[in-house]
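Working notes, structure below.
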Amino acid sequence: MSDPTTGEGSAAPRPGDGTRAVRAGLPEPAKYEPTLPGPVFAAHFHLPGDPTGPYTYGRDENPTWTLLEQAIGELEAPEQDGVETLVFASGMAAVSAVLFSQLGAGDVAVLPDDGYQALPLARAQLETYGIEVRTAPTGGDAQLDVLDGAKLLWIETPSNPGLDVCDIRRLAEEAHARGALVAVDNTLATPLGQRPLELGADFAVASGTKQLTGHGDVLLGYVTGRDATAMAAVRRWRKITGAIPGPMEAWLAHRSIATLQLRVDRQNATALTLARALRERSEVTGLRYPGLPDDPSYAVASRQMRRFGCVVSFTLPTRARAERFLDALRLVDGATSFGGVRSTAERRGRWGGDAVPEGFIRFSVGAEDADDLVADVLHALDTSAD
Ligand SMILES: Cc1ncc(COP(=O)(O)O)c(C=O)c1O
């Protein structure tokens, strides 16, 4: 029989994203076995004699991770051989694993200055180890200007929360020409929205806490990479820090990936609808959604992204107006994070870490009916007016 996830063994066209998502990482069917084996709870595995793998100790490997890593790898890099995926306890565990395993004293790293708000903390930590960190904005491929001599270029596109986009292929080509490795934070896009390794990156790194798992109940991270030596260092870092996901979280994540395409398509379509509705409102400024044809990022985004994400950002005139707006929403939870099936929104300035106006809202669109959600937002805009 042909393999339905790769199309190998037949002349059938490569299956679509929904087909690949529901089958990603599943073991060969075996009589009386479940389709997706349950979580394996094991601190250690029976291991008489020489301690050879695949499963020795629960901090190093776990069969539930193995299936999840296979699933994520199939989505991040479907056509690429020799690619490896490692799962982590959280997105930051994965981010740190790449930064701290690839860089040492005297190295130079280039980071975005408008990325996820824990990146400055990572930057400060890198600097204590004698690593020089340069930063530049995501938009306009500005990181190119500070790339000379760098060992690692870190890209976050679309950026969180500003939703700027940079050209991964162009930056990766330039970085490689100057001898730097390239990591792309693929959290916001998900592997169904963008495949950084195909665009030339060495690592795709993400928080699986967001749309990848999509139910707001799991913390997870992963690194997918093509370079065996670099990935061995990432694996070693996971072993040293022990930043591993629990088997239950790994299994929940794998279970959730089956609906990834359904959720992403629904949520992202509604995000576009919401962005269009917000564009008509005079009190809304700074509206950003990379899938909106008049967004400053649209040209680059539509070249490298297959889906544009479920996050819309915009600014209301004042902090008080933004707070009243959030309070008036009935279908949207006031919460941080994004990507879940239940819409969430927050005034991003409340954390103090992002360079955004006081009235800046990061809105994560869930799987509610688009009409209901847009009506709720418009009602909240009306009732929060001065
Ligand atoms: C772009 C991005 N990268 C990484 C992270 C960190 O992920 P986690 O919260 O799973 O550690 C986040 C979290 O919001 C994020 O938005």
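How about segment 67-95: which of its residues are farther than 20 Å from residue 197 by Cα and more than 14 Å from the ligand (Cβ to nearest atom)?
67 - this is the single residue of segment 67-95 that is farther than 20 Å from residue 197 by Cα and more than 14 Å from the ligand (Cβ to nearest atom).
Go through segment 346-368 residue by residue and tally those that are farther than 16 Å from residue 278 by Cβ and either polar (S, T, N, Q) or over 24 Å from the mean Cα position of the chain (by Cα) (or both).
Qualifying residue count for the region: 1.
Enumerate the pairs (first residue in segment 95-113 and closer than 14 Å to residue 129 by Cβ and not assigned by the TED database to the domain that holds residue 230; second residue anywhere and among the aliphatic types (A, V, I, L, M) and modelled with pLDDT of 95 or more) with beta-carbon separation below 7 Å, excluding pairs fewer than 6 apart on the same chain, so at least 6 apart or on different chains.
Going by the 7 Å Cβ cut-off, there are no qualifying pairs.
Please verify whether residue 119 is in contact with a strand residue (DSSP E or B) (Cβ under 8 Å, 6 or more places away or on another chain) and under 16 Å from residue 177 (Cα atoms), treating the condition exactly as stated. Spell out the reasoning first.
Values: in contact with a strand residue (DSSP E or B) (Cβ under 8 Å, 6 or more places away or on another chain): yes; under 16 Å from residue 177 (Cα atoms): no.
Answer is no for this residue.
Suppose the filter is acidic (Asp, Glu) and within 27 Å of residue 262 (Cα to Cα); does residue 114 pass it? Reasoning before the result, please.
Working: acidic (Asp, Glu): yes; within 27 Å of residue 262 (Cα to Cα): no.
The answer is no for residue 114.
Filter segment 199-208 down to residues that are more than 10 Å from the chain's Cα centre (by Cα) and either of a type in the set (A, V, I, L, M) or within 7 Å of the ligand (Cβ to nearest atom) (or both), then give me how many there are.
Step one: of segment 199-208, the residues more than 10 Å from the chain's Cα centre (by Cα) are 199-203.
So of that shortlist, the ones also either of a type in the set (A, V, I, L, M) or within 7 Å of the ligand (Cβ to nearest atom) (or both) come out as 199, 201.
So the count comes out to 2.
Condition first: of a type outside the set (A, V, I, L, M, F, W, C) and assigned to a loop (DSSP other than H, G, I, E, B). Now tell me which residues in segment 134-153 satisfy that.
To start, the set of residues in segment 134-153 that are of a type outside the set (A, V, I, L, M, F, W, C) comprises 134-135, 137-141, 143, 145, 148-149, 151.
Residues satisfying the conditions are 137, 138, 148, 149, 151.
Of the residues in segment 96-110, how many are open to solvent by less than 10 Å² (accessible area, probe 1.4 Å) and within 12 Å of the ligand (Cβ to nearest atom)? Lay out the reasoning, then the answer.
To start, the set of residues in segment 96-110 that are open to solvent by less than 10 Å² (accessible area, probe 1.4 Å) comprises 97-99, 109-110.
Subset that is within 12 Å of the ligand (Cβ to nearest atom): 97-99.
Here the count works out to 3.
Looking at this structure, is residue 337 outside the structural domain of residue 112 (by the TED database), of a type in the set (Ser, Thr, Tyr) and either in contact with a helix residue (DSSP H, G or I) (Cβ under 8 Å, 6 or more places away or on another chain) or without any contact (Cβ under 8 Å) to a residue 40 or more places away in the chain (or both)?
Numbers: outside the structural domain of residue 112 (by the TED database): yes; of a type in the set (Ser, Thr, Tyr): yes; either in contact with a helix residue (DSSP H, G or I) (Cβ under 8 Å, 6 or more places away or on another chain) or without any contact (Cβ under 8 Å) to a residue 40 or more places away in the chain (or both): no.
Against the criterion (outside the structural domain of residue 112 (by the TED database), of a type in the set (Ser, Thr, Tyr) and either in contact with a helix residue (DSSP H, G or I) (Cβ under 8 Å, 6 or more places away or on another chain) or without any contact (Cβ under 8 Å) to a residue 40 or more places away in the chain (or both)), residue 337 does not qualify.
Only residues that are within 16 Å of the ligand (Cβ to nearest atom) and either without any contact (Cβ under 8 Å) to a residue 24 or more places away in the chain or assigned to a strand (DSSP E or B) (or both): list them for segment 154-181, please.
As a first pass, look at segment 154-181 and keep what is within 16 Å of the ligand (Cβ to nearest atom): 154-166, 168.
Within segment 154-181, 154, 155, 156 meet the criteria.
Inside segment 15-62, can you point out the residues that are open to solvent by 80 Å² or more (accessible area, probe 1.4 Å) and within 30 Å of residue 242 (Cβ to Cβ)?
41, 44, 46, 48, 50, 51, 52, 54, 57, 59
Pull up segment 121-134, narrow it to residues that are open to solvent by 50 Å² or more (accessible area, probe 1.4 Å) and under 25 Å from residue 170 (Cα atoms), then point me to the one that is farthest from the ligand (Cβ to nearest atom).
132
Considering each of 261, 211, 267 in turn, give the residue that is more than 16 Å from the ligand (Cβ to nearest atom) and crowded, with 19+ Cβ neighbours inside 10 Å.
Going through 261, 211, 267 in turn, the sole match is 261.
Kindly evaluate residue 302 against the criterion of being surrounded by fewer than 24 Cβ atoms within 10 Å (Cβ to Cβ), within 19 Å of the chain's Cα centre (by Cα) and within 16 Å of the ligand (Cβ to nearest atom). Lay out the reasoning, then the answer.
Values: surrounded by fewer than 24 Cβ atoms within 10 Å (Cβ to Cβ): yes; within 19 Å of the chain's Cα centre (by Cα): yes; within 16 Å of the ligand (Cβ to nearest atom): no.
Considered against the rule, which asks whether it is surrounded by fewer than 24 Cβ atoms within 10 Å (Cβ to Cβ), within 19 Å of the chain's Cα centre (by Cα) and within 16 Å of the ligand (Cβ to nearest atom), residue 302 comes out as no.
Can you tell me which of (1) open to solvent by less than 10 Å² (accessible area, probe 1.4 Å); (2) farther than 15 Å from residue 69 by Cβ; (3) of a type in the set (A, V, I, L, M, F, W, C); (4) away from the ligand (no atom under 16 Å from the Cβ) is the one residue 218 doesn't meet?
(4) is the only condition that residue 218 fails.
The values are calculated or read from the model by the stated rules, or taken from the named source; none is laboratory data. Everything numeric in this text was worked out from a predicted model, so none of it was measured. Neighbour counts run over all protein chains shown; Cβ positions are idealised from the backbone, glycine included. Protein only, heavy atoms only, side chains kept; ligands, DNA and RNA dropped before computing areas. Shrake-Rupley method; radii C 1.70, N 1.55, O 1.52, S 1.80 Å.
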